[in-house]
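Undergrad: I am attaching a structure below and will ask some questions about it afterwards.
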Amino acid sequence: MMARMFGFGMVAVVALAQPTVAADYEIDIKGAHASINFRIPHLGFSWLVGRFDTFSGTFSYDEANPAAAKIAVEIDTASINSNHAERDKHLRGADFLDVTTFPKATFVSRSVTADGAGKAKIVGDFTLRGVTKPVTIDAVVVGGGADPWGGYRQGFAGKAKLALADFGILKELGPASKEVELDLHVEGVRK
Amino acid sequence: MMIKDSRDQYGAVSRVLHWSMALALSLLFALGWWMVGLDYYSPYYKSAPDLHRSVGLLVLLALGVRIAWRLINVKPNDDDLSPVERTASRAVHLGFYPLLIALMVSGYFISTADGRAIDVFGWFNVPAVVAAPGLEDAAGLVHEWSAYVVMALAVVHSAAALKHRYWNVTNGRHRMW
């Protein structure tokens, strides 16, 4: 009995000790605890909201040294979903994402500036429609720790903004709709 | 002119179906071509596809009537054609049916792929029968290419009909004019 308790104690100590070392995480796609959402003004009257259903990615994160964090995400552009098949067909076409020519969009972080209070600016290369441009994600740590099923998780939220024309999307949607906002939610399971 | 088709010529019902569908399909092709290039702020950005869908579904209904009518009528003879012409003529005529079905059904699937119904002129809704992710893309390809092939067949058909109307009028009768 004592030995068992001691064993559990050791596991707990190890688990507590580990966050001080950079760990690699896989974004939880299987459980769908991550989402890549976008929104763009419709005529300036309301927000059109959609998301990319299929993507994958990894990140490394050390609570004690958040500036060393890295993240890489790959998005299946054809998985765009604005809850309207006819519109999604148009968005996948040459006017917008041109997914047959550019099936993937990627984000690879280059530098992270953390404020030490759970917020960070992640600057990285975002590639969309074959165009690579720096994009800044305003990220915030949501939480992290042992999950109830024997794993260890870490989660973030982020926001970014990008101009459609920067990525060669020139279809005119009106003066209010030049930029699209990204609303990102990422939960990783430690590998 | 008879209501029904005879061995010598098409009757009134077949003629109305033939010419109204010829007109509607030509307009649908032009409308479809034009509307996919419309600017988002065009006043026709919404109404043009609405009209295209509504007319398209009415033509699909007309096609059903036409196939049924064809099956319960005798076929006017094509004895004045040479064997080569006859084979080509029958291939073109028979080719139209599956192509038009593919064309219109695929159009219906583009708009109903996510379970939405199609509103026909505000008169009634045609509900979705299949909702499947990605159906709109597959249906879109079929719709586009079957439209091109139908229009190409229509050109061949029209050229052949004009030839027999003005060039070699064998017996002075006109089956469809």
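The values are calculated or read from the model by the stated rules, or taken from the named source; none is laboratory data. Since this is a predicted model, take the numbers as computed values, not measurements. Reconstructed Cβ throughout: ideal geometry from the backbone, glycine too, with neighbour counts over all protein chains shown.
Undergrad: Return the residue satisfying two criteria in turn: it lies in the range A:75-89 and is closer than 21 Å to B:L38 by Cα and more than 9 Å from chain B (Cβ to nearest Cβ), and of such residues it is farthest from the chain's Cα centre (by Cα). Don't jump to the end; show me each part of the working.
TA: Taking the range A:75-89 first, the residues closer than 21 Å to B:L38 by Cα are A:82, A:84-89.
Imposing the further condition that a residue be more than 9 Å from chain B (Cβ to nearest Cβ) reduces the set to A:82, A:87.
On the way: A:S82: 18, A:R87: 24 Å.
Looking at residues that are closer than 21 Å to B:L38 by Cα and more than 9 Å from chain B (Cβ to nearest Cβ), I get A:R87.
Undergrad: In the range B:105-122, which residues are out of contact with any Pro (no Cβ under 8 Å at 6 or more places or on another chain), more than 9 Å from chain A (Cβ to nearest Cβ) and either under 23 Å from A:R92 (Cβ atoms) or touching a residue at least 60 places away in the same chain (Cβ under 8 Å) (or both)?
TA: Hits for the range B:105-122 are B:V105, B:S106, B:G107, B:Y108, B:F109, B:I118, B:D119, B:V120, B:F121.
Undergrad: In the range A:151-177, how many residues are away from chain B (no Cβ under 14 Å), closer than 20 Å to A:L128 by Cβ and not in a strand (DSSP E or B)? Before the answer, list the steps.
TA: Filtering the range A:151-177 down to residues away from chain B (no Cβ under 14 Å) leaves A:151-163, A:165-168.
Checking which are closer than 20 Å to A:L128 by Cβ leaves us with A:158-163, A:165-168.
Add one more test, that the residue is not in a strand (DSSP E or B), and what stays is A:165-168.
Count: 4.
Undergrad: Check whether at least one residue in the range A:51-69 is in contact with a Leu (Cβ under 8 Å, 6 or more places away or on another chain) and either over 30 Å from B:A139 (Cα atoms) or not basic (K, R) (or both), and report yes or no. Show your work before the answer.
TA: Keep residues of the range A:51-69 that are in contact with a Leu (Cβ under 8 Å, 6 or more places away or on another chain), which gives none.
For the range A:51-69, residues in contact with a Leu (Cβ under 8 Å, 6 or more places away or on another chain) and either over 30 Å from B:A139 (Cα atoms) or not basic (K, R) (or both): absent.
Undergrad: Same structure again: For the range B:119-149, which residues satisfy the criterion of being under 19 Å from B:F29 (Cα atoms), among the aliphatic types (A, V, I, L, M) and surrounded by 18 or more Cβ atoms within 10 Å (Cβ to Cβ)?
TA: Selection gives B:A139, B:A147.
The rows are residues; the columns are (1) surrounded by fewer than 14 Cβ atoms within 10 Å (Cβ to Cβ); (2) assigned to a loop (DSSP other than H, G, I, E, B); (3) touching a Phe, Trp or Tyr at 6+ places or on another chain (Cβ under 6 Å); (4) among the acidic types (D, E).
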{"residue": "A:E26", "(1), (2), (3), (4)": "no, no, no, yes"}
{"residue": "A:K30", "(1), (2), (3), (4)": "yes, yes, no, no"}
{"residue": "A:H33", "(1), (2), (3), (4)": "no, yes, no, no"}
{"residue": "A:G50", "(1), (2), (3), (4)": "no, no, yes, no"}
{"residue": "A:A64", "(1), (2), (3), (4)": "yes, yes, no, no"}
{"residue": "A:A67", "(1), (2), (3), (4)": "yes, no, no, no"}
{"residue": "A:I75", "(1), (2), (3), (4)": "no, no, yes, no"}
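Undergrad: Could you say which residue among B:S26, B:S89, B:S20, B:S106 is polar (S, T, N, Q), assigned to a helix (DSSP H, G or I) and at pLDDT below 95? Break it down into steps so the answer makes sense when it comes.
TA: Working: B:S26 fails: at pLDDT below 95; B:S20 fails: at pLDDT below 95; B:S106 fails: at pLDDT below 95.
Checking each option against the conditions leaves just B:S89.
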